[in-house]
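Okay, structure first, notes after.
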Amino acid sequence: LAVKGVQALSPYQPGKPISELARELGLDSSEIVKLASNENPLGPSKKAIAAAESALTDLCLYPDGNGFDLKQKLSTRLGVGADQITLGNGSNDVLEVIARCFAGADSEIVFSQYAFAVYPLVTQAIGAKAVAVPARAWGHDLDAMAAAVTEHTRLVFVANPNNPTGTVNSSSAIEAFLGKIPEDVLVVLDEAYCEYMVGEEDPDGVSLLTRFPNLIVCRTFSKAWGLAALRVGYSVSSPAIADILNRVRQPFNVSSVALAAATAVLDDEDYLQRSREANTSGLKQLELAFDQMGLRYIPSSGNFVAVEVGPQAMDVYQALLAHGVIVRPVAGYGMPNHLRVSVGLPEQNEQFIDALSKALAAAG
Ligand code: PMP
């Protein structure tokens, strides 16, 4: 019935919904702390809400299928042509369209062990062969990934920073890696969390596009821009690649409400700044608590951190749920001793830390 590989596919496991846990525990939703999906804890930008509300009067109309205003804003901000941008229903949509356009049942797709779960998913969905390259210190081993490229490789996915490990490769490492990849192999640099990186030396895939025509950079409005519910992501690539992606994507894959909110939030520099600051201090709060509890964690450049709680991680996860705290088990990524926790507001982090110490004590 289905394409080879689809039968073996395990579906993407989203974080447990707040309403579901509240029902199970007989609590009000406001009493649940969800730190499971790397969402922005600040709530949405007021400018984005106002724009989304204004767009409601046109609910009976199809959205602008080319996302003209959003592409214009992005093109100015990023210093690229609007014809280099492809919009998606979240960046997951763009990742999937890329795989469908440029790989097939006879291709290999390379990514790292512990890399973002959607890469194996889109690979299997088109019946391509997944080549998962062993990680180095939880991060992408770019040398080994370049060495894994064969004549059958069509795509390489690199998450920078990666989810769920939070590891990042430097600009110079990414550049050296791109230099080793044959021109007919496309490299997808997934920068979903790039806005959280604030140092001058931090990698910026868009600046590499002029030198590497086989590069596609993917970004999203779901994280630092705080619009996960609306599903808007995009890729930046050569105009030739964007042209192909734009032919294959669904014609109205981003809603008018989402387009309006994303266009407006790009004017809310203050919101982005607050997202970054809240994340930096929240990460510090979590790291300090882990240090005090004697727990190891993987230093993260994202808005989440993978903490090592030991082989009883699923019990700890369940015990956290019983305390009204939702985090994400990462056994499905081959990390059975870790839990991934998203950075929340200070009081949410505190509630998680408190529940974690109780859960660990109970788990012995
Ligand atoms: N890439 C990475 C590395 C991610 O962690 C995520 C979100 N979990 C995405 C892409 C997709 O995000 P979205 O579809 O919301 O843009």
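The values are calculated or read from the model by the stated rules, or taken from the named source; none is laboratory data. Please read all numbers here as calculations on a predicted model, not as lab measurements. Cβ sites come from the backbone with ideal geometry, for glycine too, and all protein chains shown count toward neighbours.
Does residue 251 count as more than 15 Å from residue 84 (Cβ to Cβ), in the same structural domain as residue 148 (by TED's automatic domain parsing) and more than 15 Å from the ligand (Cβ to nearest atom)? It is true that residue 251 is more than 15 Å from residue 84 (Cβ to Cβ), in the same structural domain as residue 148 (by TED's automatic domain parsing) and more than 15 Å from the ligand (Cβ to nearest atom).
Tallying residues that are within 22 Å of residue 111 (Cα to Cα) and either in the same structural domain as residue 278 (by TED's automatic domain parsing) or more than 16 Å from the ligand (Cβ to nearest atom) (or both) within segment 180-201 yields 7. Residue 16 passes every criterion in (1) over 23 Å from the mean Cα position of the chain (by Cα); (2) within 18 Å of residue 328 (Cα to Cα); (3) among the basic types (Lys, Arg) apart from (1). Picking from residues in segment 208-247 that are more than 16 Å from the ligand (Cβ to nearest atom) and charged (D, E, K, R), the one that is farthest from residue 52 (Cα to Cα) is 211. If you go through segment 102-121 and keep only what is more than 10 Å from the ligand (Cβ to nearest atom) and more than 13 Å from residue 188 (Cα to Cα), you end up with 104, 105, 106, 107, 108, 113, 114, 120, 121.
Restricting 75, 91 to residues that are buried (at least 22 other Cβ atoms within 10 Å of the Cβ), among the polar types (S, T, N, Q) and within 22 Å of the chain's Cα centre (by Cα) narrows the list to 91.
Conditions (1) in a helix (DSSP H, G or I); (2) surrounded by 14 or more Cβ atoms within 10 Å (Cβ to Cβ), marked per residue:
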| position | (1), (2) |
| --- | --- |
| 23 | yes, no |
| 27 | no, no |
| 38 | no, yes |
| 43 | no, no |
| 48 | yes, yes |
| 55 | yes, yes |
| 60 | no, no |
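Being buried (at least 18 other Cβ atoms within 10 Å of the Cβ) and farther than 23 Å from residue 197 by Cα is a description that applies to residue 126.
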